[in-house]
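Below is one structure, written out as structure tokens; comments come after it.
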Amino acid sequence: MVVVLEKNVSDKQIENIIKHLEDFGFAVHKSTGIEQIVLGAIGVKPDFDTRKVKILDGVAEVYRITEPFKLASRSFQKEDTVIKIKNVSIGGNEVVMMAGPCSVESEEQIFTVAEIVAKAGAKILRGGAFKPRTSPYSFQGLGEQGLKLLRNAADKYNLLVITEVMESSQIKLIEEYTDIFQVGARNMQNFSLLRDLGKTSKPIMLKRGLSATVEDWLMSAEYILSNGNKEVMLCERGIRTFETYTRNTFDLSAIPVVHKRSHLPVIADPSHATGLRDKVLPMARAAVAAGTDGLMVEVHNDPEKALSDGPQALLPDQFAELMQQVKLIAEVIGRKM
């Protein structure tokens with residue numbers, strides 16, 4: 001249920017409304033919009049009489065949210081969520097680039113790639129220190145040493161850091177080094193991890209699960225939001241279908257679909273979506289045209305020797321070309337990059 005407050009509502013009236021909602025058995029989440037304050041009353045009460053709330057002083061309107069995801073919905077918050085981290089805004093008019101290797105492999109590698117992506121215009125350095133691999137015998141990442149290298153390389157080239165967290169026990173350690181937590185596709189429905197991340201203060205990028213519907217994806221975001229962290233972005237990284245020509249099937253339609261249903265920013269990852277270097281650039285162009293708020297792209301200075309996902313990593317010249325092309329597309333649709 002959404003409770004829209006009057007424009008001139010007083011603090012005392014707000015407190016009184018929240019107390020009544022809590023007495024009725026609802027969990028209350030407050031959202032301050034440009035013009036009005038909105039309260040989200042969360043709870044499954046199909047027979048609740050909304051008139052009990054509408055008669056309270058300071059209440060302008062009350063209506064039910066039909067979507068199963070409440071806090072992520074446009075009904076709860078009409079304005080786009082814009083996540084601000086230092087000098088970077090995600091979800092606004094700028095299309096933000098996140099780029100870097102799949103895995104942090106060595107000091108030389110991560111510093112080289114950080115310099116390449118920074119010079120081309122990226123704002124956020126990506127790289128895995130803990131890697132969830134299909135095979136237990138594949139490279140699993142450098143752990144804390146990888147986090148240190150990632151942070152140092154990002155700081156040298158004035159970049160933010162995004163890196164993956166795989167389990168709750170890693171949150172405290174990773175929080176020391178990262179600016180954005182990444183939840184991978186395999187963990188999209190790891191609800192205990194999502195709850196714990198909801199109690200942190202840093203932004204979280206939630207990747208879509210391999211076989212998840214858009215509603216599944218938004219419901220997972222709801223776990224984070226309902227535990228207190230409002231700085232959530234969603235990442236479309238392709239889903240598993242019967243098609244075999246690419247690693248996954250890139251669901252470009254998910255970008256406008258989510259923007260219509262939710263206020264959360266949407267990021268596109270054409271590297272994991274296609275799994276093939278030559279497909280990344282055209283899919284990145286398409287994602288920007290479809291309205292993505294950011295791109296996540298893998299870049300490696302020597303992908304033939306990469307310890308993970310070399311075939312989908314762009315070479316430095318290819319990344320520079322990608323940046324030039326997506327900037328032009330962003331300008332055509334009234335955005336910047």
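The values are calculated or read from the model by the stated rules, or taken from the named source; none is laboratory data. Predicted model, so just to flag it, every value in this text is computed and none were measured. With ideal geometry, Cβ positions are generated from the backbone for all residues, glycine too; neighbour counts draw on all protein chains shown.
Condition test on GLN170, is it more than 19 Å from GLU67 (Cα to Cα), more than 16 Å from the chain's Cα centre (by Cα) and touching a residue at least 12 places away in the same chain (Cβ under 8 Å)?
yes
Which ones in the range 301-326 are of a type in the set (Lys, Arg) and buried (at least 17 other Cβ atoms within 10 Å of the Cβ)?
Looking only at the range 301-326, we keep the residues that are of a type in the set (Lys, Arg), and these are 305.
Across the range 301-326, there are no qualifying residues.
Filter the range 1-39 down to residues that are closer than 27 Å to ASP80 by Cβ and in a helix (DSSP H, G or I), then give me how many there are. Can you show your working first?
First, the residues of the range 1-39 that are closer than 27 Å to ASP80 by Cβ: 1-9, 11, 14, 17-18, 21, 26-39.
Applying the additional criterion that residues be in a helix (DSSP H, G or I) yields 11, 14, 17-18, 21.
Selection size over the range 1-39: 5.
Could you list, in sequence order, the residues of the range 173-193 that are within 19 Å of PRO265 (Cβ to Cβ) and more than 13 Å from the chain's Cα centre (by Cα)?
Listed by number, the list holds a single entry, THR178.
Suppose we keep only residues that are at pLDDT below 95 and of a type in the set (A, V, I, L, M, F, W, C) within the range 137-165. Which one would you say is surrounded by the most Cβ atoms within 10 Å (Cβ to Cβ)?
LEU142
Which ones in the range 278-293 are within 25 Å of GLU105 (Cα to Cα) and touching a Pro at 6+ places or on another chain (Cβ under 9 Å)?
Within the range 278-293, LYS279, VAL280, LEU281 meet the criteria.
Conditions: (1) assigned to a loop (DSSP other than H, G, I, E, B); (2) touching a residue at least 24 places away in the same chain (Cβ under 8 Å); (3) closer than 27 Å to GLU231 by Cα. THR66 meets all but one. Number of the miss?
Going through (1) assigned to a loop (DSSP other than H, G, I, E, B); (2) touching a residue at least 24 places away in the same chain (Cβ under 8 Å); (3) closer than 27 Å to GLU231 by Cα one by one, THR66 breaks only (2).
Considering ALA114, ALA118, which residue is crowded, with 24+ Cβ neighbours inside 10 Å and either under 30 Å from GLY275 (Cα atoms) or free of Cβ contacts under 8 Å to residues at least 24 places away in the same chain (or both)?
On the way: ALA118 fails: crowded, with 24+ Cβ neighbours inside 10 Å.
Step by step, each of ALA114, ALA118 is checked, and only ALA114 is crowded, with 24+ Cβ neighbours inside 10 Å and either under 30 Å from GLY275 (Cα atoms) or free of Cβ contacts under 8 Å to residues at least 24 places away in the same chain (or both).
Somewhere in the range 52-66, is a residue touching a strand residue (DSSP E or B) at 6+ places or on another chain (Cβ under 9 Å), closer than 22 Å to GLN182 by Cα and not assigned by TED's automatic domain parsing to the domain that holds GLN170?
No, the conditions are met nowhere in the range 52-66.
Out of the range 278-300, which residues are out of contact with any Asp or Glu (no Cβ under 9 Å at 6 or more places or on another chain) and either surrounded by 16 or more Cβ atoms within 10 Å (Cβ to Cβ) or of a type in the set (Gly, Ala, Ser) (or both)?
Passing the criteria: LYS279, MET283, ALA284, ARG285, ALA286, VAL288, ALA289, ALA290, GLY291, VAL299.
Looking at the range 76-105, which of its residues are modelled with pLDDT under 95, out of contact with any strand residue (DSSP E or B) (no Cβ under 6 Å at 6 or more places or on another chain) and polar (S, T, N, Q)?
ASN87
Identify all residues within the range 81-90 that are surrounded by fewer than 16 Cβ atoms within 10 Å (Cβ to Cβ) and on the phi < 0 side of the Ramachandran plot; write none if there are none.
Answer for the range 81-90, where residues must be surrounded by fewer than 16 Cβ atoms within 10 Å (Cβ to Cβ) and on the phi < 0 side of the Ramachandran plot: VAL82, LYS84, ASN87.
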